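Participant: This structure is in structure tokens; I'll ask about it shortly.
The values are calculated or read from the model by the stated rules, or taken from the named source; none is laboratory data. Computed from a predicted model, the values in this text were never measured in an experiment. Here the Cβ is made from the backbone with ideal geometry for all residues, glycine too, and neighbour counts use every protein chain on show. When the accessible area is computed, the model is the full protein with side chains, heavy atoms only, and any ligands, DNA or RNA have been set aside. Shrake-Rupley method; radii C 1.70, N 1.55, O 1.52, S 1.80 Å.
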Amino acid sequence: MSTPVRLSRAAGQGRPAAPVRIAHLGVGNFFRAHQAWYTDRAPDAAGWGIAAFTGRSAAMAEALAPQDGLYTLITRGTDGDTFEVISSLTAVHAAGDHAAWLGYLASPELAIVTLTVTEAGYLRGPGGGLDVAHPGVVADIAALRADASASVGTTPGKLVAGLLARRAAGAGPIAVVSCDNLSHNGDVLAGVVGELAASVDPTLPAWIAANVAFATTMVDRITPATTDEHRASVLAATGFEDAAPVPTEPFSEWVVQGEFPAGRPAWDAAGARFVDDVA
């Protein structure tokens, strides 16, 4: 029996890698079945590559690197399964690759940052604002005060570090889009980022207000955990070995409210809805 061929661009699968114009925090199954899928389906997908960063574990970066960021989306419907190779991930980095993160944020080509870090990643205190007593927040503020390029560990810290790098590079405006299931997620994110920014550099919040648009979204799609059964079904259906397929349901929803000062993919043509307000 011949050895299965690993899914990759070199094996003739997927589209050529697109230029990175989106950076994403949190490479879980939901992101790969949702924002990455909408980007892949956009008619201008060839111009909108994503550089994605994992959470605490580097396992997903290690799984996707040999596949050039490609993976199979398994849509499980009443008429059976369909298998679709998603090509929108141009690069996948471990969370600790801080130099790469700062490099993307300092690039004028980068137009959007998206996040799926769960509600816990926003590090809010009892009053809803940033938990300034959280050890990770305390450490990030101290690190960034001492060195704007210092490695940081929290989501608000990473965003502030990236925005400091963007301001220093004169890279222009950018949109930051929360895709977590959290009411008024754009406002929440703007709040915690603004508070941490003010603690690091009192001049930064004014720059953020003038150059950063925080979008609010409503998201929905069921994405179970990947199992060996899913990997086996991809191999049987496609003939390619995929270490990180994503099972999902046919239904998906993405409602977006906000500005995109540096542009965005044609997500609306892929099924996303853009509205004046997200309830």
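Participant: Tally up the carbon and sulfur contribution to the accessible surface of the stretch 1-107 as a whole percent, 1.4 Å probe, everything protein left in place.
Facilitator: Answer for the stretch 1-107 is 56 percent, counting heavy atoms of protein chains only.
Participant: Which value, in debye to the nearest 20, describes the size of the charge dipole of the stretch 182-253 about its Cα centre when Lys and Arg Cβ atoms bear +1, Asp and Glu Cβ atoms bear -1, and nothing else is charged? Show your work: numbers first, answer last.
Facilitator: On the way: 2 positive and 10 negative charges, 29 e Å.
In total the dipole reaches around 140 debye.
Participant: Separate question: Just to be sure I understand the rule: take each whole DSSP H helix in the chain, project its Cα atoms onto its long axis, keep it if the span is 18 Å or more and its mean Kyte-Doolittle hydropathy is at least 1.0. Which ones pass?
Facilitator: Helices meeting the span and hydropathy rule in the chain are 185-200.
Participant: Turning to a different aspect of this structure: Count neighbours as other Cβ atoms within 10 Å of each site's Cβ, and list the chymotrypsin sites (Phe, Trp or Tyr not before Pro) in the stretch 221-279 that are DSSP loop with at most 11 such neighbours.
Facilitator: Phe251
Participant: Using the reciprocal of the averaged 1/r over all distinct C-alpha pairs, how large is the Kirkwood radius of the stretch 1-100 in Å?
Facilitator: 14.0 Å
Participant: Looking at the P(r) of the stretch 188-257, how many percent of alpha-carbon pairs lie beyond 14 Å?
Facilitator: 72 percent
Participant: Can I ask one more? Can you tell me the dipole magnitude for the stretch 75-176 around its Cα centre, using point charges on the Cβ only (Lys, Arg +1; Asp, Glu -1), in Debye to the nearest 20? Mind dumping the intermediate values first?
Facilitator: Details: 6 positive and 9 negative charges, 88 e Å.
Its charge dipole is roughly 420 debye.
Participant: While we're on this one: How large is the dipole of the chain about the Cα centre if only Lys and Arg carry +1 and Asp and Glu carry -1, each at its Cβ, rounded to the nearest 20 debye?
Facilitator: 540 debye
Participant: Round to a whole number: what % of the accessible area of the stretch 114-159 belongs to carbon and sulfur, probe 1.4 Å?
Facilitator: So the carbon and sulfur contribution to the accessible surface is 58 percent.
Participant: In square angstrom, what is the accessible area per residue of the chain with a 1.4 angstrom probe?
Facilitator: 41 Å²
Participant: Hey, another quick one. Count the net charge of all other residues whose Cβ sits under 13 Å from the Cβ of His134, scoring Lys and Arg as +1 and Asp and Glu as -1.
Facilitator: Values: positive: Arg124; negative: Asp131, Asp140, Glu195.
That works out to -2.
Participant: Moving to a separate point now. For the stretch 163-279, with all protein chains present and a 1.4 Å probe, just round the carbon and sulfur fraction of the accessible area to a whole percent.
Facilitator: Accessible surface attributable to carbon and sulfur in the stretch 163-279 totals 53 percent.
Participant: How much accessible area does Ile141 have with a 1.4 Å probe, in Å² rounded to the nearest 10?
Facilitator: The value for Ile141 is about 20 Å².
Participant: If you don't mind, another one. Got a number for the accessible area of Trp37? Probe 1.4 Å, square angstrom, nearest 10.
Facilitator: 20 Å²
Participant: Based on the Kirkwood radius over alpha-carbon pairs, what value in µm²/s does the Stokes-Einstein equation return for the translational diffusion coefficient of the stretch 59-191 at 37 °C and 0.692 mPa s?
Facilitator: 195 µm²/s
Participant: Determine Rg/Rh for the chain; Rg is computed over alpha-carbon atoms and Rh is the Kirkwood hydrodynamic estimate from the same atoms.
Facilitator: For the chain, the value is 0.98.
Participant: Here is a follow-up. Compute the semi-axes of the equivalent ellipsoid of the stretch 32-79, taking the square root of 5 times each eigenvalue of the Cα gyration tensor, and list them largest first in whole Å. Intermediate results must be reported in sequence, preceding the final value.
Facilitator: On the way: eigenvalues 85, 56, 20 Å².
The equivalent ellipsoid of the stretch 32-79 has semi-axes of 21, 17, 10 Å.
Participant: What longest region of the chain stays clear of GluC sites (Glu not before Pro) that DSSP places outside H, G, I, E and B and that have at most 13 other Cβ atoms within 10 Å?
Facilitator: Value returned for the longest uninterrupted segment is 110-258.
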